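Take a look at the structure set out below.
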Amino acid sequence: MIVLVVVAWAGVGVTALLWGRSWVRWLRLRRRPVLHCDQLSGVKDGSPVTVGGTTAADDGRVGPWSRLPCAWHGETVRRGYREDGGYVEWRTDVERGEGDRGIRHGGVRVEVDEELARQGLFALRAPMIERSYQDNGREPSGARRPYSVAEHLVRPSTAVVVTGTLLVDPDGTRRLIRGGWADGTAHGDPREVRGRYASYRRRLLLTGTPFLLVAATLTTLMALDILR
């Protein structure tokens, strides 16, 4: 029974942690203006914002591994090298990206930093840059050593919501960067942010309540058994 009690209380703890993190993140995001790309002209450099826009249109670009249409794609190739001690050291041999990471609305384009574009904003919703291909195995050349390739891409003509810090370059280019752990990206509309976080917290409550009931019941039964 002790194992069951520990598992039940662990479930309560994890659920409470996720709920609290979601609530704190929402408290940080709710103070930000919710805008589209063409509404940023009056926003000061360095301001945290929530911005909606659409990724670049399909221009025929495809991912080198997945062959899926994309506005931007990145590729990371890692290889394992065996050292004298017999262990394998993983090294990143190739890391590159090309294409358009911007979002648009009303004819205005805003660049999204790669680190921010890879960060998710909603649970169970892909970020702006999502993984499209992964292969762990042997190199195409047949070399017998550990090998891993991952491809990430930005879908073309896709509505995206971005929460980040706005920077304005000397040439007038507007960029969104990750200014803190609460920032992220997701497919969707900026008006969804409030509803998505409220829905997520409700699901966590529905998940955590049974854990709490089971944990409390088992703890009571175990205490009564000890007192006998």
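The values are calculated or read from the model by the stated rules, or taken from the named source; none is laboratory data. Quick caveat: nothing in here was measured; it's all calculated off a predicted structure. Cβ placement follows ideal geometry from the backbone for every residue including glycine, while neighbour counts extend to all protein chains displayed.
Residue-by-condition table, conditions (1) closer than 19 Å to Gly180 by Cα; (2) loosely packed, with under 14 Cβ neighbours inside 10 Å; (3) assigned by TED's automatic domain parsing to the domain that holds His105:
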| residue | (1), (2), (3) |
| --- | --- |
| Gly13 | no, yes, no |
| Gly20 | yes, yes, no |
| Asp38 | no, no, no |
| Val51 | yes, no, yes |
**Report entry** Residue under evaluation Leu153, criteria (1) out of contact with any Cys (no Cβ under 6 Å at 6 or more places or on another chain); (2) within 29 Å of Leu40 (Cα to Cα); (3) of a type outside the set (Ser, Thr, Tyr); (4) modelled with pLDDT of 90 or more, criterion not met
**Finding:** (1)
Requested in this report: From (1) surrounded by 13 or more Cβ atoms within 10 Å (Cβ to Cβ); (2) farther than 22 Å from Arg174 by Cβ; (3) out of contact with any Pro (no Cβ under 8 Å at 6 or more places or on another chain); (4) modelled with pLDDT of 75 or more, pick out the condition that doesn't hold for Thr92.
Outcome: (1)
**Report entry** Matching residues, region 3-44, being of a type outside the set (Gly, Ala, Ser) and not in a helix (DSSP H, G or I)
**Finding:** Arg30, Arg31, Arg32, Pro33, Val34, Leu35, His36, Leu40, Val43, Lys44
Query raised in the report: Do you know which residues across region 178-200 are surrounded by 16 or more Cβ atoms within 10 Å (Cβ to Cβ) and over 14 Å from Thr54 (Cα atoms)?
Result: Arg178, Gly179, Ala182, Asp183, Gly184, Glu192, Val193, Arg196, Tyr197, Tyr200
Query raised in the report: Restricting the search to region 127-145, which residues are surrounded by fewer than 17 Cβ atoms within 10 Å (Cβ to Cβ) and either modelled with pLDDT under 90 or part of a loop (DSSP other than H, G, I, E, B) (or both)?
Result: Gln134, Asp135, Asn136, Gly137, Arg138, Glu139, Pro140, Ser141, Gly142, Ala143, Arg144, Arg145
